[in-house]
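Have a look at the structure below before the remarks.
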């Protein structure tokens, strides 16, 4: 299966990227903010929800993926320990909170109360798989809400 390449230009598009990136694992040293370029990039190992087979397969897939946010005016983090390569961050959701249109805040919500908040001029997000998938036996589970 070929890798995914998605782009979000509005909140609806962003929900699709959020669903594909749910349960992606990254580390603080794989998050790069370039203020002069107004870009934040995250490299993560995403769980390939798009590759799941009906019928409860015993094996699943992960893929190395780049998630890039353009037109970023500022970044705030909570619970992300910069320089701690032992901290694993599990992405739960990517959300948009509107401000003065088309600007707003994109919030990346991670497990264990960690978050990254991006002040953006406009939604301009790209997601691209960077290589072949690899097999994993572990499928993320979420408690029934």
Restricting to DSSP H runs of at least four residues, report the calculated mean residue ellipticity at 222 nm for the chain, -39500 (n - 2.57) per run over all residues, nearest 500 deg cm²/dmol. -2500 deg cm²/dmol
Once fully extended, how much extra length lies between residue 135 and residue 101, figured as 0.36 nm per residue of separation less the alpha-carbon to alpha-carbon distance? 8.1 nm
Translational diffusion coefficient of the chain at 20 °C, 1.002 mPa s, Stokes-Einstein with Kirkwood Rh over Cα pairs, in µm²/s as a whole number. 137
Which value results when the Cα radius of gyration for segment 64-145 is divided by 2.2 N^0.38 Å? 1.26
For residue 34 and residue 5, what is the calculated FRET efficiency with R₀ set at 25 Å and r taken between the beta-carbons, to the nearest 0.05? 0.75
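Quick note: the coordinates plus some simple rules give every number you see, no bench work behind them. No experiment lies behind these values; they were computed from the predicted model shown. Quick reminder, even Gly has a Cβ in these numbers, built from the backbone with ideal geometry, and neighbours come from all protein chains shown.
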